[in-house]
Ligand SMILES: CCCCCCCCCCCCC/C=C/[C@@H](O)[C@H](COP(=O)(O)O)NC(=O)CCCCCCCCCCCCCCC
Ligand SMILES: Nc1ncnc2c1ncn2[C@@H]1O[C@H](COP(=O)(O)OP(=O)(O)O)[C@@H](O)[C@H]1O
Ligand SMILES: [Ca+2]
């Protein structure tokens with residue numbers, strides 16, 4: 001609340017959030033004045049009391065800005081659109097403009113975080129990934145959990161993360177807020193919103209590789225990422241250029257995928273129920289998680305079932321695992337429109353070898369409301385974990401077998417039956433939230449609600465027509 005004694009002697013200005021079109025929020029203000037002094041002070045006191053009760057609102061934030069993300073406008077966006085709002089809301093922000101890749105992650109490993117109510121990243125999904133890794137790895141170190149153990153029960157992070165979108169895809173922001181708009185995200189941070197989020201851990205044997213919250217993709221999206229890196233100067237358009245080239249090369253990759261279905265979750269990938277603010281399905285998972293943690297606190301061990309693995313072998317255009325919808329401006333409903341932010345599961349999408357035209361039809365469906373899974377060559381499963389082994393890897397007993405060592409030697413092994421099948425003679429790579437993984441034979445596991453964001457999920461469309469001031473700050 002900022003007092004503005006304009007021409008009237010007893011006046012104050014109240015800033016509030018107004019919902020405008022398509023999940024966009026704007027900060028509005030209204031100035032009140034009053035001729036009665038006593039009444040004026042009563043109003044001030046009432047506002048003070050109300051604001052005092054808002055204990056979930058952050059007061060101190062640690063902000064990391066990637067000056068090279070997206071269209072390289074991170075600093076400008078923060079200074080022009082976010083900093084003025086933070087200061088109007090009385091938020092004190094310590095700002096670090098990153099100087100190199102992984103600066104934010106490494107800084108978080110041993111920064112003193114006690115005085116902060118949250119961490120904010122200004123950038124894209126890659127920048128979010130840095131902050132995510134910094135906080136999760138730090139949390140496991142502090143609570144003595146070995147994150148190299150794929151079945152370790154990870155400690156949940158209580159520090160909330162805010163995302164000011166200034167990247168190329170901004171999928172994590174878009175899928176948790178409904179839009180990639182810096183001012184809207186800043187307002188969600190100011191109001192102290194809280195959205196738990198599932199995180200997937202990715203391991204190679206007993207070595208931790210990375211965490212993922214959006215897309216863990218092999219084949220098409222791995223190749224798009226690989227091709228895009230050399231065109232970073234193109235900014236966000238690098239993905240479209242590389243996407244077009246990857247589409248033309250039309251590679252498929254052979255291997256086997258094993259997974260355990262997420263039996264306890266209430267939804268399924270094609271039930272057309274989207275995850276909205278206060279989602280019932282995610283709340284049920286919260287309850288189950290609390291119960292599980294309580295039993296563990298009482299000393300009894302939570303036993304995971306180990307007998308219901310399904311294995312699918314084949315040639316795939318793409319293998320995508322998403323623990324959220326992955327909605328973004330390119331695909332407003334996302335890779336899996338019915339995926340949930342915090343249900344403890346991921347949707348595993350397998351696109352088998354198909355013709356170029358069929359693959360294009362599948363891709364185009366991502367831009368409309370039509371079901372992208374409604375093709376005979378596409379399968380989707382809601383899973384709690386999965387493992388992938390490329391064909392090369394299965395053929396070789398040698399444990400060191402992986403990308404690079406393989407080369408053309410193994411090509412004949414794969415394609416003798418199908419000389420013109422288009423199977424690629426080298427592996428693809430994994431795209432993990434826009435970063436590449438060094439290994440191809442990986443295992444992934446979903447950790448239910450491991451982190452929290454300054455967001456509230458996608459609000460019901462009905463609220464957008466609500467022109468009444470929703471929250472005062
Ligand atoms: C023909 C139109 C087809 C449109 C298909 C759009 C599907 C888009 C799905 C996007 C899923 C995004 C998942 C998010 C991943 C991000 O974490 C991650 C990192 O983001 P950052 O750079 O901000 O840090 N981003 C990415 O990996 C980028 C994925 C973008 C894929 C774009 C693919 C475009 C494909 C265009 C094919 C064109 C074929 C045209 C043939 C005539
Ligand atoms: N100062 C910096 N210089 C170079 N790279 C950086 C810097 N800060 C962050 N990065 C890296 O830039 C990459 C892309 O960042 P991101 O913000 O996601 O932008 P984009 O959405 O355009 O990919 C990430 O891998 C991140 O680790
Ligand atoms: Ca999920």
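What follows is calculated from the coordinates using simple rules that are stated; it is not laboratory data. Since this is a predicted model, take the numbers as computed values, not measurements. Every residue, glycine among them, receives a Cβ derived from its backbone with ideal geometry; neighbour counts consider all protein chains shown.
Between residue 461 and residue 288, the distance separating the two model label sites (each 7 Å from Cα on the Cα→Cβ line) works out to 2.9 nm. Taking the helices alone, the chain has a mean residue ellipticity at 222 nm of -8000 deg cm²/dmol, built from -39,500 (n - 2.57) per DSSP H run of at least 4 residues and averaged over all its residues. Rounded to the nearest 0.05, what FRET efficiency do residue 152 and residue 96 have when you use their Cβ-Cβ distance and R0 = 30 Å? Once rounded, the FRET efficiency stands at 0.50. Helix 237-249 axis versus longest C-alpha principal axis of the chain: approximately 20°, rounded to the nearest ten. Taking every DSSP beta bridge that has both ends in the chain, the antiparallel portion is near 75%.
If you take the Cα centroid of region 132-161 and the Cα centroid of region 317-377, the two points sit 29 Å apart. If you average the alpha carbon positions of region 170-209 and of region 27-86, how far apart do those two centres end up, in angstrom? Rounded to whole Å, the Cα centres lie 22 Å apart. Projected label points at residue 244 and residue 145, each 7 Å from Cα along the beta carbon direction, are separated by 4.4 nanometres. Report the FRET efficiency, 1/(1 + (r/R0)^6), for residue 298 and residue 256, where r is their Cβ-Cβ distance and R0 is 45 Å, rounded to 0.05. After rounding, the FRET efficiency stands at 0.70. Under 20 Å from a label point 7 Å along Cα→Cβ of residue 364: give me every residue in region 309-325 with its amide N that close. 317-318, by backbone N distance to the label point.
For the modelled label position 7 Å from the Cα of residue 60 along Cα-to-Cβ, which residues of region 98-128 have backbone nitrogen atoms closer than 14 Å? Answer for region 98-128: 111-119.
Full extension of the chain between residue 137 and residue 309 gives 59.0 nm of extra length, using 0.36 nm per residue less the Cα-Cα distance.
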